[in-house]
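All remarks here apply to the structure that follows.
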Amino acid sequence: MNLEQVRPTVCVVGLGYIGLPTAVLTAEAIGRVAGFDIDAGKRRDISNGIAPASEEDLSRRLRDVLADGNLQIIDELQSADVFIFAVPTPIDSKTKEVDLSHLWKAALAVLPHLSGDELLVIESTSPPGTTAALRDLVLSKRRDLVRKAEEGFLGFAYCPERVMPGRIMGEIKSNARVIGGLNATDVDRACCVYESFCDGDLLKTSAETAEMVKLAENAFRDVNIAFANELEAICYERDVNIWEVLNLANRHPRVNILRPGPGVGGHCIAVDPWILAGSVSAETPLIQSARTVNDGKPLRVVRRALELLAEKDRPLISILGLAFKENVEDVRESPALEIVRLIADMKPTAQLEVFDPWVAEEPMSLQRLPNVKFYNSADHVNPESDLVLGLVSHCQFLDSGFQEKLRHLRVLDVTGRMIVSPK
Ligand code: SAJ
């Protein structure tokens, strides 16, 4: 497939936080892009130029590609030269097993539209072997396409994203990208699509290696953060400043310890290690321990906060930040949310005032807690607070004027970025 000679039609299946930006960038680069999502409400909003996630520049660029006809949001799947699957691959909260049902459903929905000359690309985070399993599924249901696949016309590739929420539009374009295929032709065909909008290096490999790389990257971050969180517990007990330890240790040219925090949230770093560990029968004690350490961090933060307030019967606690990390609105799997719930539960006499200028509405799970008040701003932190608990270092909390207001309060700052002069 040479983009100079033939502009492929592309269909992006799943218009979530990765699928929609991918559809918009592909539409800008080569046009003739269709976007499909099973959620009719989402399709309607996107068709009207409303992007579900407030990534910088996404809404404006979405409206532009819709207006010039380069992106069409479709209600029914249709034929295309390239299908890109960007559907969720969550894990079960109890068993930690990956759930590929959305991917298989999407693949089955695409089946009737295949003629045997298409490239099917998975972007969703998936266990090693998923691309090969997709091929097997397609060919088991469409025996008529076996020959086309053998002759290299029907291709399968795995091209994971590695972008950072909040900076998706820029990073999708600039990050290096791993392009894995079931054979060299599939890799080359996938490269043709991605080089149309990606300025970063395209790193060619097999599909299974690409699947493994994606999981390895995020599991590595999780293990590194778990080490940072454990080191922080050691420093706390020894009364050594963890931030100074990190600054100095990271001056070693070959050491890069990440930062301790309230725990690990979001839908990638806390999930992917389970997918990696679950892909083999071998024991994976390191990866699993890292998960245990990071999942246990919210409770450790809560115990520390309650220790500081032991003498107060009805403490007023101001909590800074609810999102899963700084400068994003996303509260999914947020450790800060868990911390608020735990404090409200373990100290029902406490009054909690939660501030997050990035989170538009009070999450449902907090609305039912009688001792929690939510503010979608950084204003009005009560100067009578018995404790200010800094959980997420949003830019508003780092503002010098804001920090000045905290100067005379007792602050427990788990981010290491908000400390003014703790009492
Ligand atoms: N965290 C720490 N300490 C750190 C860094 C992060 O406690 O030093 C916490 C954060 O507060 C957050 C969680 O870990 O709760 C995850 O944060 P993250 O920034 O590592 O990861 P995500 O989920 O926002 O985005 C990641 C991408 N991260 C970065 O680029 C920094 C990237 O690794 C993945 O490609 C992407 O998710 C993905 O989609 O898989």
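The values are calculated or read from the model by the stated rules, or taken from the named source; none is laboratory data. Remember, predicted model here, so these are calculated numbers, not experimental data. Positions of Cβ are generated from backbone atoms using ideal geometry, with glycine treated the same way; all protein chains shown enter the neighbour counts.
Of all residues in region 72-103, those that are touching a Gly at 6+ places or on another chain (Cβ under 6 Å) and free of Cβ contacts under 8 Å to residues at least 60 places away in the same chain total 1.
Taking the conditions (1) touching a Leu at 6+ places or on another chain (Cβ under 6 Å); (2) at positive phi in turn, Ala305 satisfies each one other than (2).
Yes or no: region 187-209 includes at least one residue that is within 21 Å of Tyr17 (Cα to Cα), within 16 Å of the ligand (Cβ to nearest atom) and buried (at least 17 other Cβ atoms within 10 Å of the Cβ). Yes, some residue in region 187-209 is within 21 Å of Tyr17 (Cα to Cα), within 16 Å of the ligand (Cβ to nearest atom) and buried (at least 17 other Cβ atoms within 10 Å of the Cβ). Just give me the residues in region 104-116 being over 18 Å from Leu15 (Cβ atoms) and either touching a residue at least 60 places away in the same chain (Cβ under 8 Å) or surrounded by fewer than 17 Cβ atoms within 10 Å (Cβ to Cβ) (or both), in sequence order. Answer for region 104-116, where residues must be over 18 Å from Leu15 (Cβ atoms) and either touching a residue at least 60 places away in the same chain (Cβ under 8 Å) or surrounded by fewer than 17 Cβ atoms within 10 Å (Cβ to Cβ) (or both): Trp104, Leu108, Leu111, Pro112, Ser115, Gly116. Quick check on Arg143: is it of a type in the set (Lys, Arg) and away from the ligand (no atom under 16 Å from the Cβ)? When the stated conditions are applied, Arg143 passes them.
Quick grid of which residues meet (1) modelled with pLDDT of 95 or more; (2) closer than 21 Å to His102 by Cβ; (3) not in a helix (DSSP H, G or I):
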position	(1), (2), (3)
Tyr17	no, yes, yes
Pro21	yes, yes, no
Glu56	no, no, yes
Gln78	yes, yes, yes
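Scanning region 227-271 for residues that are near the ligand (Cβ under 9 Å from one of its atoms) and in a helix (DSSP H, G or I), we see that the one that is nearest to Thr292 (Cα to Cα) is Asn229.
Looking at this structure, is Val65 within 21 Å of Val110 (Cα to Cα) and among the β-branched types (Val, Ile, Thr)? Spelling it out, it is not the case that Val65 is within 21 Å of Val110 (Cα to Cα) and among the β-branched types (Val, Ile, Thr). Given the criteria more than 15 Å from the ligand (Cβ to nearest atom) and without any contact (Cβ under 8 Å) to a residue 12 or more places away in the chain, does Arg314 qualify? Here the answer is no, as Arg314 does not meet what is asked.
His380 satisfies every condition listed in (1) assigned to a loop (DSSP other than H, G, I, E, B); (2) touching a residue at least 40 places away in the same chain (Cβ under 8 Å) except (2).
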